[in-house]
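Input: a single structure, listed below in structure tokens.
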Amino acid sequence: TWWSFILLFFLDDLSYYWFHRISHECRLFWASHVVHHSSQYYNLSTALRQTWSGGFYTFIFWFWLPFLGFHPGLIVLQMSLSLIYQFWIHTEAIDKTPSWFEAVFNTPSHHRVHHGSNPLYLDKNHAGILIIWDKLFGTFQEELAEEKVVYGLVSNINTYNPIKIAFIEWVQLFKDAFTGRKSLKNRLLYFIKPPGWKHDGTGKLSADLRKEWLQDTMHSQSVEKKEVFIKKATG
């Protein structure tokens with residue numbers, strides 16, 4: 001029926017949101033997804049910088065849709081349309097789209113934030129096509145003129161070697177999990193916890209970096225600017 005296409009559009013986009021969000025919040029998934037964020041530049045070629053690994057377990061986020069009655073072929077079609085949509089938003093050539101479009105859809109401005117290594121922008125705007133999921137689940141951040149996006153990673157992979165870019169995070173993950181004296185629980189947690197987590201408490205998560213950055217930034221602002229900036233930076 002015609003309405004099944006509309007329903008699948010929303011359900012696929014919701015599935016993509018959680019897949020994308022978990023890819024930032026669970027290191028097992030981040031080990032693959034980091035490839036897409038490894039570029040320190042932002043243009044259409046960045047959209048094509050995709051993982052060589054991890055595809056064998058990402059299907060679990062869409063696994064529930066066939067049980068609702070959607071044909072696997074139709075699901076793959078909608079997933080493909082979503083990826084095609086996301087190609088054009090990897091650009092700095094477009095500043096802002098009309099406000100009504102920015103309010104509902106993922107745009108170049110929203111996605112630039114997602115690719116930012118600035119503490120304010122880390123782990124924000126996981127949308128595929130619709131930005132409404134980020135607003136609904138509390139992961140939305142507007143692109144601020146006062147905070148120019150710095151692309152790349154918190155610790156950049158300073159090489160153009162595709163083999164190293166594809167697998168360096170996997171190597172680091174297994175090294176953290178299986179070397180040194182750790183409990184079995186902590187070894188497993190390295191696969192589950194977010195990037196930056198350390199079993200001894202020395203690691204810093206994106207939330208920690210954001211909190212430190214906001215505190216440092218507030219010290220250098222006037223009272224009036226602080227109020228405006230805090231509102232923009234925290235929604």
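Taken together, the values in this text are just the output of simple stated rules run on the coordinates, not laboratory data. Note that this is a predicted model, so its numbers are computed, not measured. Neighbour counts are summed over all protein chains in view; Cβ atoms, including those assigned to glycine, are modelled from backbone coordinates with ideal geometry.
With respect to (1) assigned to a helix (DSSP H, G or I); (2) in contact with a helix residue (DSSP H, G or I) (Cβ under 9 Å, 6 or more places away or on another chain), the lone exception for Ser80 is condition (2).
In region 168-190, the residues that are over 26 Å from His36 (Cβ atoms) reach residues that are surrounded by fewer than 16 Cβ atoms within 10 Å (Cβ to Cβ) with C-beta atoms within less than 7 angstrom, at least six apart or across chains, in these pairs: Arg187/Phe178. Looking at Phe167, Phe140, just one residue is over 13 Å from the mean Cα position of the chain (by Cα) and not β-branched (Val, Ile, Thr), and that residue is Phe167. Filtering Val154, Val150, Val113 for residues that are within 16 Å of the chain's Cα centre (by Cα), among the aliphatic types (A, V, I, L, M) and buried (at least 20 other Cβ atoms within 10 Å of the Cβ) leaves a single hit, Val113. Within region 58-74, can you find the residues that are of a type outside the set (Gly, Ala, Ser) and more than 17 Å from Phe29 (Cβ to Cβ)? If the condition is that a residue be of a type outside the set (Gly, Ala, Ser) and more than 17 Å from Phe29 (Cβ to Cβ), then Trp64, Leu65, Pro66, Phe67, Leu68, Phe70, His71, Pro72, Leu74 are the ones that fit. Only a single criterion out of (1) in a loop (DSSP other than H, G, I, E, B); (2) under 15 Å from the mean Cα position of the chain (by Cα) is not satisfied by Arg21, namely (1).
Applying the criterion of being surrounded by fewer than 12 Cβ atoms within 10 Å (Cβ to Cβ) and of a type outside the set (A, V, I, L, M, F, W, C) to the residues of region 56-94, the residue that is farthest from Ser4 (Cα to Cα) is Tyr57.
Only one of Phe174, Phe137 is surrounded by fewer than 18 Cβ atoms within 10 Å (Cβ to Cβ) and under 29 Å from Glu102 (Cβ atoms); which? Even if it seems obvious, please write down each step before you answer.
Details: Phe174 fails: under 29 Å from Glu102 (Cβ atoms).
So the residue among Phe174, Phe137 that is surrounded by fewer than 18 Cβ atoms within 10 Å (Cβ to Cβ) and under 29 Å from Glu102 (Cβ atoms) is Phe137.
The residues on offer are Val34, Val104, and the sole one that is of a type in the set (Val, Ile, Thr) and under 28 Å from Ile163 (Cα atoms) is Val34.
Can you tell me which residue is farthest from Asn118 (Cα to Cα) among those in region 177-213 that are of a type in the set (Lys, Arg) and loosely packed, with under 11 Cβ neighbours inside 10 Å?
From region 177-213, those of a type in the set (Lys, Arg) are 181-182, 185, 187, 193, 198, 204, 210-211; that's our starting set.
Of the ones still in play, those that are also loosely packed, with under 11 Cβ neighbours inside 10 Å are 181, 185.
Numbers: Arg181: 33, Lys185: 32 Å.
Among those that are of a type in the set (Lys, Arg) and loosely packed, with under 11 Cβ neighbours inside 10 Å, it is Arg181.
Being outside any helix (DSSP H, G or I), surrounded by 12 or more Cβ atoms within 10 Å (Cβ to Cβ) and touching a Ser or Thr at 6+ places or on another chain (Cβ under 6 Å) is the requirement here; does Ser39 meet it?
Numbers: outside any helix (DSSP H, G or I): yes; surrounded by 12 or more Cβ atoms within 10 Å (Cβ to Cβ): yes; touching a Ser or Thr at 6+ places or on another chain (Cβ under 6 Å): yes.
Spelling it out, Ser39 is indeed outside any helix (DSSP H, G or I), surrounded by 12 or more Cβ atoms within 10 Å (Cβ to Cβ) and touching a Ser or Thr at 6+ places or on another chain (Cβ under 6 Å).
Taking residues in region 45-62 that are in contact (Cβ under 8 Å) with a residue 40 or more places away in the chain, and partners anywhere that are not in a helix (DSSP H, G or I), the pairs with Cβ atoms closer than 6 Å and at least 6 places apart or on different chains are Thr46/Ser39; Thr46/His90; Ala47/His90.
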